[in-house]
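The values are calculated or read from the model by the stated rules, or taken from the named source; none is laboratory data. Owing to the predicted nature of the structure, the values given are computational and were not obtained by experimental measurement. Heads up, the Cβs are rebuilt from the backbone with ideal geometry, glycines too, and the neighbour counts pull from every protein chain shown. What goes into the accessible areas is simple: the full protein's heavy atoms, side chains included, and nothing from ligands, DNA or RNA. Shrake-Rupley method; radii C 1.70, N 1.55, O 1.52, S 1.80 Å.
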Amino acid sequence: MSRQNSILYLDGVSVSFDGFKAINNLSLVMQAGEMRAIIGPNGAGKTTMMDIITGKTRPDEGEVYFDGDIDLTRHDESEIAQLGIGRKFQKPTVFESHTVRDNIVMALAGPRSATAALFHRESAEENARIGSILDQIRLADRAGEFAANLSHGQKQWLEIGMLLAQEPKLLLVDEPVAGMTDAETEETARLLREIAGTRSVVVVEHDMHFVRQLGVKVTCLHEGSVLAEGSLDHVSADERVIEVYLGR
Amino acid sequence: MRFLAGGFDRLATTIIVVLCIVAVMVPVLHLMLPPSSPFHVQTYLVALIGKYLTYALLALALDLIWGYCGILSLGHGAFFALGGYAMGMYLMRQIGSRGVYGDPVLPDFMVFLNWKELPWFWYGLDQFWFAALMILAVPGLLAFVFGWFAFRSRVTGVYLSIISQALTYALMLAFFRNNMGFGGNNGLTDFKDVLGYDIQAAATRSALFAASALALALGVLLTTAIVRSKFGKLLVATRDAESRMRFLGYRPENMKLVAFTFSAMMAGVAGALYVPQVGIINPGEFAPANSIEVVVWTAVGGRGTILGPIVGALLVNGGKSWFTGALPEYWLFALGGLFVAVTLFLPRGIVGTAQHGWAALKARRTAARAAASSQARPADPTSPAAPATAGLAAAE
């Protein structure tokens, strides 16, 4: 597949920590507007891959391109975030001593400098945008509460809401339903499908039931490289995948 | 300016009004009433409270970066002392030919060291406007350079505290040296005039007192405006989850740098107001223990609140003045014990605990009122479960 029409393009990426190859010759291409689920056992390199894309870790070798021709290995975390890549962490990380609304306010796309923040005045458009995001993540009635008081599932949604507010082109979502009830999981799947309508999304997940609900193309990672790729039925029928997940 | 208007929330306005009243009333009671009157404020008290007010401003400066941004500076006394030295140099130049050696330009200690001309960094400090500029610029610039390297290299937590401590210690050693040109271990003293007025005169002392109170009021206004702005929210967010800020596209190091530089300038102003009121500045002001004391004031009063550092600075220093009079040998034990006790039993500090308790009380009252009103209408068909849940909330 060509690099030009891709939103995310990884080719021959490797990174090792103290001799341990966390990512080994990984290649992955995503089309703009695509939603992709990444599965794989613990230590398969899923989180390290996210770290490389978001600039937290620099690859030892290989190419990482965003939106066709932006070389991500040349940018740091805040630049990459401003280029339009949003990330949701495995453990929900919201700003707990701020209200739900303020969390969205801080994430809202706009200038990121200290002076802009110092003299910032909320506009009517911003206010409307915040309101619509709060509705979308079902937290409108808790806007004034401290994020620390939210349940685990609500924190996950708030973090997804913060991602939406950033208006990224590409969202990386790490285990969004870990520790959620079934009802919350379903709600989250709905939310992600809604988002995928307008943006590219990468979802890392363990929960096969949830991946099935998403109904998208699946990539299975193992020991730092791609083991299988395709629809969930295709991937889960693959013998090597079965061996990695069940056997050994 | 709309930014400043953000600084007038209810608490800040109250503090500012009180400080303005103090700025007027203390000088009036000092100057207008005869010493025999029971309401007369004695000279030593004007100087003492004036000094405490500059300490309060220093504590407020530290609180902005420690309480709101999580940077525990153990070297904030350095910025205070630098502001003090800039003021002290101006006051030295004001002495003119009235020094012991009668040199029209050189301060006494330079004549004593047999220096022939004024070092370049003493130029311009005979002008008040230039001194005022230096009071802001020198601490601000040092903080900017220090912060630039420290925050960019992602030095945080205890490591940053240690370097800031080393910074003030290094400055202390440097200022102790005679050939640095700042009066060595004697420092700068024997001031005569400030802005042409006799520094010992009751009216001048009163004016310096009023200036300290007003500077603190301005500090409260600016700090509140900063804390309540979006920038202030970003500071707290940086304190709580710095790496998350990066993934939102912010540069936390820049946020810290702005706050740190502003805080250092505030500390410089506090130092500049402190020096004419105590009549001396020497390298002892750079002592690491001084900076640690500022941290104790802030912790006792309540970090992360506007009122806390002010209350802490006034209470601890009031206690110190009483203690060093009554039981001088035990003051340091008392200070250490106080810090341990506050950390263990009152981690939010006095003001923080009070505010937290007040908020909890209000929440309980609201819940109780909701319970009472829903019990008054038991037949409300729309919310059959409301009395039960509200009752639970009230019981909590």
Picking from A:D51, A:D60, A:D11, the residue that is within 14 Å of another protein chain (Cβ to nearest Cβ), out of contact with any Pro (no Cβ under 6 Å at 6 or more places or on another chain), surrounded by fewer than 22 Cβ atoms within 10 Å (Cβ to Cβ) and modelled with pLDDT of 90 or more would be A:D51
Selection over region A:77-105 where residues are free of Cβ contacts under 8 Å to residues at least 24 places away in the same chain and either over 17 Å from the mean Cα position of the chain (by Cα) or open to solvent by less than 10 Å² (accessible area, probe 1.4 Å) (or both) yields a count of 1
Scanning region B:156-205 residue by residue, those under 24 Å from the mean Cα position of the chain (by Cα), farther than 17 Å from B:W122 by Cβ and not in a helix (DSSP H, G or I) turn out to be B:T156, B:V194, B:I199
Taking first residues from region B:34-54 that are within 18 Å of B:V294 (Cβ to Cβ) and second residues anywhere that are outside any loop (DSSP other than H, G, I, E, B) and of a type in the set (D, E, K, R), the pairs with Cβ under 8 Å that are 6 or more apart or on different chains are B:G50/B:R205
Sole miss for B:V351 among (1) touching a helix residue (DSSP H, G or I) at 6+ places or on another chain (Cβ under 8 Å); (2) over 30 Å from B:L11 (Cα atoms); (3) at pLDDT 80 or above is condition (2)
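In the list B:V220, B:V227, which residue meets the criterion of being away from chain A (no Cβ under 14 Å), crowded, with 22+ Cβ neighbours inside 10 Å, out of contact with any Cys (no Cβ under 8 Å at 6 or more places or on another chain) and part of a helix (DSSP H, G or I)?
Working: B:V227 fails: away from chain A (no Cβ under 14 Å).
None of the others qualify; the one that does is B:V220.
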Answer yes or no: is there a residue in region B:258-273 that is closer than 22 Å to B:L31 by Cβ and either open to solvent by 10 Å² or more (accessible area, probe 1.4 Å) or within 14 Å of chain A (Cβ to nearest Cβ) (or both). yes
Residue set B:P283, B:P276; condition in contact (Cβ under 8 Å) with a residue 12 or more places away in the chain and touching a strand residue (DSSP E or B) at 6+ places or on another chain (Cβ under 6 Å); output residue B:P276
Counted residues in region B:120-152 being farther than 17 Å from B:A259 by Cα and either touching an Asp or Glu at 6+ places or on another chain (Cβ under 9 Å) or of a type in the set (V, I, T) (or both) come to 1
Checked region A:75-114 for anything within 8 Å of chain B (Cβ to nearest Cβ) and either under 23 Å from B:G7 (Cβ atoms) or among the polar types (S, T, N, Q) (or both); matches are A:S78, A:Q82, A:T93, A:F95, A:S97, A:H98, A:D102, A:V105, A:M106, A:S113, A:A114
Given the conditions (1) in a loop (DSSP other than H, G, I, E, B); (2) more than 30 Å from A:A148 (Cβ to Cβ), every one holds for B:G249 apart from (2)
The correct count of residues that are touching a residue at least 40 places away in the same chain (Cβ under 8 Å) and either under 15 Å from the mean Cα position of the chain (by Cα) or under 18 Å from A:V202 (Cβ atoms) (or both) in region A:62-76 is 7
The number of residues in region A:215-248 that are assigned to a loop (DSSP other than H, G, I, E, B) and in contact with a strand residue (DSSP E or B) (Cβ under 6 Å, 6 or more places away or on another chain) is 3
Note: among B:G304, B:G279, just one is at positive phi and within 14 Å of another protein chain (Cβ to nearest Cβ), namely B:G304
Pairing a residue in region A:115-137 that is touching a residue at least 12 places away in the same chain (Cβ under 8 Å) and within 13 Å of another protein chain (Cβ to nearest Cβ) with any residue that is surrounded by 13 or more Cβ atoms within 10 Å (Cβ to Cβ) and in a helix (DSSP H, G or I), where Cβ atoms lie under 9 Å and the two sit 6 or more apart in sequence or on different chains, gives A:E122/A:V105; A:E122/A:I130; A:E122/B:K230; A:E126/A:V105; A:I130/A:R101; A:I130/A:I104; A:I130/A:V105; A:I130/A:A165
